[in-house]
Every structure is written in structure tokens, then in C-alpha cells.
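Below is one structure; the comments refer to it alone.
Every read-out reported here was derived from the displayed coordinates using simple, explicitly stated rules and does not represent laboratory data. Note that the structure is predicted; figures quoted are calculated from it, not measured. Using ideal geometry, Cβ is built from the backbone for each residue, glycine included, and neighbour counts are taken over all protein chains shown.
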Amino acid sequence: MPELPEIQAHAERLGTEFGGRALRSFKPLSFTALKTFSPAPDAAYGTALQHVGHRGKYLLLEFETVRFVVHLMQGGRLKPDEKQSAKPRGGLARWVFEDGTALLLTEAGTEKKAGVWVIAADADLSPGTAVEPFVGLGPDAEALTRDELTAILQAHSMRLHGLLRDQKALAGLGRRLANEICHRAQLSPFANASKLTEGERQRLFDAIHACVAESLEYERSRADMSSSKERPGAVHHREGEPCPVCGDSVRAVEYVRYTVNYCATCQTGGKVLADNTTSKFLK
Ligand SMILES: [Zn+2]
């Protein structure tokens, strides 16, 4: 799933290309695509796209009157729609602008999980909001302060890797950045988040901001969203390759939906991690 650097860079590209264009119509192409009834999408008709932003992993198409919230999930894409065919492959929704250009939301595969919400232009997006789909969403990782991170860590007696991926704790990070951040911070992915020392919390804070900033710089250099295999990194999906810091082999703990990659020398004092606490088929 795209993480916040991919989403933010994509938002910037869409904003540059489509910003200022007035909306003619919005059309769901699948009956599951539009998740809200009110406000109606046509509240945006005739008004200009003012900004494309993001909150966590959600894209925000911000018009004067309403905001369209788009979640791409695993295989979703929001792209310029040159063909505007009647039944585009994987098509979920289309925005057509008054100059004739269009944006198309598609989703690969059969699981239709990506979606669009329409919310008021002034809707509250902060943590603690009652506005769907942001209910329960933690603060955006790239804007996190030192004190916020400390409070989040102290409130969660759980493995660091799982906490970093938990959108309710902090928003925008996923499997890749969780691996890279733990490695950068020289912390075990299985460390108990609530038990980190002040020095470890500082390393984690620095690692979150450094990894997000570096990923964003890479994504901004691209013409489209990258696929996970192309993204640079030290440990993610690099099992067996040498750690760029110490040369030890990158190791992996496999789960059904993701892999924890780490360097034993840099992160666990040489200890090889194995997950004996849960069946790998349950997580
Ligand atoms: Zn290492």
C-alpha cells in the first residue's frame, strides 16, 4: 500500500496538473465507490480545484465547497484519464473538469476496497474528529512533534513495528517505512514501544523524520507513483543482502501480509528474531 511519501508526492503532481480547473461532474463507476450521501458531490460543480493534499494515506481533492477524500488501498490509482472510455478497466470513479480533462480512480484486482468520501470543505481532519473516514486516525507522521511521539509510545505496550504501522496511533506509515525507520533508529522491530528510553525515543523521532523526508525526495523525482520494488532503502525486501551500515545480512520474519526486515547487528545486539508468540497464519 502506498505510504505517505508516495501519497504526498502524488498529491503535489495532481495539484500542479489539475489545480485551478473547475469541476464539471463527478461520476461513480462502481456502486461501492462513493461512501457518503451528504454533502452531494455536485456541490463542487463549477468550482475550482484549489489544492490536492493528504491526511495519512488519504488523498484530499479540495474544492471551494467540498473536499473529495480518496483512499487508494492496495491497488488503487488516481490518474489523468485521457481516454475517458465508458467502462474503464477497474474504474471506480471519474472527475471531469470544465476544460474536458478528467481524473480516473481505478483499482486493480477484484477486491474493491478503494473509495471516495465527500466531506465539507471545513470538516475537521484533526485526530479526535467525528468525520468519516478520519475517525480514530492518529496524527500525520511527518508532522509529529517529539512530545506527541513520546505520548504515543508510552500509551502503547506493543511491538514497535506494529505500532508504527497502526494508523490509529500515527498516520501514513506502512510496512516499508516501519522496517526502514526501525533500522535507521537502530531499534528492534519487536522492542516494546512503551519501554523505550529517552535516547531511543529521540533516535526513533529522528529516524521517522529522516526516512519520510528521504522517501518524499525520491518520490518527488518521479513522474508517477513508484512500485514498492523500485523504492530505495536499507532493509525492506532486502533479505540476504548486506546491511549498508555494517555489512551483516539483512534478516526477515515472515507474516502472511508483510515481512519484518532487520539487521541483527545494528538493531538487536545480534539476536535473531523469531515470532513464537502468534501463529504466522493468524497475523
Ligand atoms: Zn547493520
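Ordering of 61-73, 28-40, 105-117 by packing is 61-73, 105-117, 28-40, highest average first (other Cβ atoms within 10 Å, averaged per residue).
With a Förster radius of 25 Å, plug the Cβ-Cβ distance of Lys87 and Ala223 into 1/(1 + (r/R0)^6) and report the FRET value to the nearest 0.05.
Working: r = 27 Å, r/R0 = 1.07.
Once the sixth-power term is evaluated, E becomes 0.40.
Which whole-number percent is the relative contact order of the chain (Cα, under 8 Å, 6+ apart)? Mind dumping the intermediate values first?
Details: 539 pairs, mean separation 45.0, N = 283.
This gives 16 percent for the chain.
Partner lysines whose Cα lies under 18 Å from the Cα of Lys83, excluding those fewer than 8 positions away in the same chain, are identified as Lys27. Between Ala120 and Glu254, the FRET efficiency estimated from the beta carbon spacing at R0 = 51 angstrom works out to 0.70. Computed from Cα positions, the angle between helix 198-220 and the longest principal axis of the chain comes to roughly 40 degrees.
Compared with the dominant Cα axis of the chain, that is its longest principal axis, helix 175-184 is turned about 40°.
The ellipsoid that matches the Cα gyration tensor of the stretch 1-138 has semi-axes, each √(5λ) in whole angstrom, of 20, 18, 15, with the longest given first.
Cβ screening of the chain for cysteine pairs under 4.7 Å finds these without a partner: Cys182, Cys211, Cys246. Taking every DSSP bridge with both residues inside the chain, close to 95 percent are antiparallel.
So, by mean Cβ neighbours within 10 angstrom, what's the order for 210-217, 53-60, 6-13, 197-204 with the highest one leading?
Values: 210-217: 18.0, 53-60: 21.2, 6-13: 22.9, 197-204: 14.4.
The peptides rank, most packed first, as 6-13, 53-60, 210-217, 197-204.
Could you tell me the calculated FRET efficiency between Lys195 and Ala151, based on Cβ-Cβ distance and R0 = 22 angstrom, to the nearest 0.05?
0.90
For the stretch 166-237 versus the stretch 1-43, the inter-centroid distance based on Cα atoms is 26 Å. For the chain, adding -39500 (n - 2.57) for each run of n ≥ 4 DSSP H residues and dividing by the number of residues yields -7500 deg cm²/dmol at 222 nm.
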